[in-house]
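Below is one structure, written out as structure tokens; the observations come after it.
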Amino acid sequence: MRPLPELTPNNDWYWTSGEDGQLRIQRCDDCATYVHPPAPICPACRSRNWTATPVSGVGTVAGFTVNSHQWLPSMEPPYVIAVVSLAEDPEVRITSNITGCDSGDVHVGQEVRVRFEHQDDVWFPLFEPTGATNDNPIPPAQRLTPRPPLAADRFEERSVISGIGRSRLGRRLMVDPLSLTIDACTAAVADAGLTLDDIDGLSTYPGGVSGTGISEGGVTPVEEALRLKPTWINGGGDIPGPGGAVIAAMLAVAGGLCRHVLCYRTVWEATHAALGLRGAGGSGRVGGWMQWRAPYGAMSAGNWIGMNANQYFHRYGADREMLGLIALNARANAARNPNAIYRDPMTMDDYMNARPITSPFGLYDCDVPCDGAIAVVVSNADVAGDLPKQAIRIDAVGTQIIERVSWDEGTLTHEPQVLGQAAHLWTRTDLTPADVDVALVYDGFTFNAISWIEALGFCEFGEAQAWLDGGKRIALDGQVPVNPHGGQLSEGRTHGFGFIYEAVAQLRGEAADRQVADAKTAVVTTGGGTPSGVLLLRT
């Protein structure tokens, strides 16, 4: 049984269309633009007049992944998830399953035709091969052109990072998340040479999310536990990724609302899973953006990003060894990090032979769910000379959304929400990629790191495998050391804040055995897929 979508006046026509054997897509009555998923307005001409229009049902596989992990009790792996570009408009894409063939026969460029599977009151569009092959329907990646700064006076110059702190980090610590948060927050405040009475702002990501193990509960429980009196608070997921909590704090300081903002991020996914906790129930049906993925077993970001990675492989001729170099670099660096969860040596054979998860990803392509909290204090720049430790300047941020935020309708050659933010960063600084001494790039999956390396301009699109030079270029003593702490692949998944902590430690010269020599500039990326953010830090 597949998860059923919630049927609403906005989508019921789509999910019931197959009753007569025809696939229908929203089409603008005024300019004939196809729109998917359904929206109340045409993105091309802004008309609100549209019709659910029958289409041929023929498409081309633009990206795919063979899923080997059982995300749902009712969907037995292996099965193929694919992004299918429709013949009428290749920019209109449907995430679905490819059926009627062996999973090993699915490839980018394969022509497929719709068929429907009926369950309850829903007709699911699935696809099966026609036997033909078409051109790759996805255009190559291009360097994007963001908006230039509005003024020479940039808000980044008015704040600094004054303190960092962390709690214990581990697997299944069986500690409540608020305790972890308080440990990290009090450590960060002390590191900045401040007291809790000095804190006049709080900022977190993703706020009061419950039922998933990826939040301490938001601003309110921390404010109550520490009895703070903030003049400004921020919490929520609709900001530029996890690092957006820091960027929002910088804006509050620059605007004069606060002098010292305590930013924090807590995860307790390992304990949450071990305790068998679940989120709140509901209708039992899937709504929102997951309705377009969950019915096809595409439950994980690994599935969605795996499809992009296979599109990248097809276009540029790369293979899994490229991803393995990212994983091996992370593990080698983690061996020098006493806080890392996984520190044992790993070989390329270990990587290649690991349990498959969702192609091209195996176990070591995926980051490590864990428990832990990290905190950062953002202060007014005028305190920089009075701090007990070196203040770290934020030279520039990258936040602009240029690509579509959809995981399947927008960028497929790289991880979505990476190209635009990376391009935006370089418009707000005189520095270039050649000036970066250490790169902290988000590695929820190995391919995320490849996407960021190329997006930031360390090499051209499609050149990462050769550029890595067998891993030498990104090693601790390489040209661009990447994730000296082991990243989320080996240190643990702290959803972005671990990279900020490591960047500050590196620029202060406090990274001990993993210290990058003479590190003065660090680029930090947090997120991807969801709107992300980039920070360029300097001593």
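The values are calculated or read from the model by the stated rules, or taken from the named source; none is laboratory data. Please read all numbers here as calculations on a predicted model, not as lab measurements. Here the Cβ positions follow ideal geometry from the backbone for every residue, glycine too, while neighbour counts run over all protein chains shown.
Looking across Arg493, Arg473, one residue alone is touching a strand residue (DSSP E or B) at 6+ places or on another chain (Cβ under 8 Å) and either assigned to a loop (DSSP other than H, G, I, E, B) or not basic (Lys, Arg) (or both). It is Arg493.
On the stretch given as the range 416-462, residues that are touching a residue at least 60 places away in the same chain (Cβ under 8 Å), part of a helix (DSSP H, G or I) and of a type in the set (A, V, I, L, M, F, W, C) total 8. Within the range 186-195, one or more residues are surrounded by 20 or more Cβ atoms within 10 Å (Cβ to Cβ), assigned by TED's automatic domain parsing to the domain that holds Glu415, among the small types (Gly, Ala, Ser) and within 22 Å of Val378 (Cα to Cα).
Looking for something surrounded by 14 or more Cβ atoms within 10 Å (Cβ to Cβ), touching a helix residue (DSSP H, G or I) at 6+ places or on another chain (Cβ under 7 Å) and not in a strand (DSSP E or B) - is there at least one such residue anywhere in the range 115-136? Yes, some residue in the range 115-136 is surrounded by 14 or more Cβ atoms within 10 Å (Cβ to Cβ), touching a helix residue (DSSP H, G or I) at 6+ places or on another chain (Cβ under 7 Å) and not in a strand (DSSP E or B). Within the bounds of the range 401-409, is there any residue that is basic (Lys, Arg) and closer than 30 Å to Pro177 by Cα? Checked the range 401-409: no residue is basic (Lys, Arg) and closer than 30 Å to Pro177 by Cα. Taken together, Gly288, Gly297, Gly255, Gly306 contain a single residue that is surrounded by fewer than 24 Cβ atoms within 10 Å (Cβ to Cβ) and either farther than 30 Å from Asp183 by Cα or not assigned by TED's automatic domain parsing to the domain that holds Ile199 (or both), which is Gly288.
Can you find a residue that is outside any helix (DSSP H, G or I), among the acidic types (Asp, Glu) and crowded, with 24+ Cβ neighbours inside 10 Å anywhere in the range 389-399? No, the range 389-399 contains no residue that is outside any helix (DSSP H, G or I), among the acidic types (Asp, Glu) and crowded, with 24+ Cβ neighbours inside 10 Å. Pro148 satisfies every condition listed in (1) surrounded by fewer than 21 Cβ atoms within 10 Å (Cβ to Cβ); (2) touching a Leu at 6+ places or on another chain (Cβ under 6 Å); (3) in a loop (DSSP other than H, G, I, E, B) except (2).
Of all residues in the range 333-344, exactly one satisfies the criterion of being surrounded by fewer than 19 Cβ atoms within 10 Å (Cβ to Cβ) and either under 16 Å from Leu468 (Cα atoms) or among the aliphatic types (A, V, I, L, M) (or both), namely Ala335.
Only a single criterion out of (1) in contact (Cβ under 8 Å) with a residue 12 or more places away in the chain; (2) in a loop (DSSP other than H, G, I, E, B) is not satisfied by Asp513, namely (2).
Within the range 467-508, track down each residue that is among the β-branched types (Val, Ile, Thr) and either within 20 Å of Val246 (Cα to Cα) or crowded, with 24+ Cβ neighbours inside 10 Å (or both). Walk me through it before giving the result.
First, the residues of the range 467-508 that are among the β-branched types (Val, Ile, Thr): 474, 480, 482, 494, 500, 504.
Listed by number, the residues that qualify are Ile474, Val482, Thr494, Ile500, Val504.
Of all residues assigned to the range 358-380, none qualifies as being charged (D, E, K, R), more than 23 Å from Val516 (Cβ to Cβ) and surrounded by fewer than 24 Cβ atoms within 10 Å (Cβ to Cβ).
Checking each residue in the range 247-271 for being more than 20 Å from Gly398 (Cα to Cα), touching a residue at least 12 places away in the same chain (Cβ under 8 Å) and small (Gly, Ala, Ser) picks out only Ala270. Across the range 459-468, not a single residue is classified as at pLDDT 95 or above, closer than 15 Å to Val438 by Cα, assigned by TED's automatic domain parsing to the domain that holds Val397 and aromatic (Phe, Trp, Tyr). Criterion applied to Leu325, Leu363, Leu387 was being in contact (Cβ under 8 Å) with a residue 60 or more places away in the chain, farther than 30 Å from Ala249 by Cβ and of a type outside the set (Phe, Trp, Tyr), and the one residue passing it is Leu325. Exactly one residue among Gly237, Gly208, Gly217 is in a loop (DSSP other than H, G, I, E, B) and on the phi > 0 side of the Ramachandran plot, and that residue is Gly217.
If the condition is being over 20 Å from Ala335 (Cβ atoms), among the hydrophobic types (A, V, I, L, M, F, W, C) and in contact (Cβ under 8 Å) with a residue 40 or more places away in the chain, then the range 463-479 contributes only Ala464.
If I filter the range 67-112 down to residues being among the hydrophobic types (A, V, I, L, M, F, W, C) and closer than 13 Å to Asp408 by Cβ, which single residue comes out as farthest from the chain's Cα centre (by Cα)?
Looking only at the range 67-112, we keep the residues that are among the hydrophobic types (A, V, I, L, M, F, W, C), and these are 71-72, 75, 80-84, 86-87, 92, 94, 98, 101, 106, 108, 112.
If we keep only those that are closer than 13 Å to Asp408 by Cβ as well, we get 81-84, 86, 92, 94.
Working: Ile81: 19, Ala82: 20, Val83: 19, Val84: 22, Leu86: 26, Val92: 23, Ile94: 21 Å.
Out of the qualifying residues, it is Leu86.
Considering Ile164, Ile138, the condition of being aliphatic (A, V, I, L, M) and closer than 30 Å to Ala391 by Cα is satisfied by Ile164 alone.
Could you list, in sequence order, the residues of the range 319-339 that are among the basic types (Lys, Arg) and in a loop (DSSP other than H, G, I, E, B)?
The first filter runs over the range 319-339 and keeps only residues among the basic types (Lys, Arg), leaving 320, 331, 336.
Within the range 319-339, Arg336 is the sole residue that qualifies.
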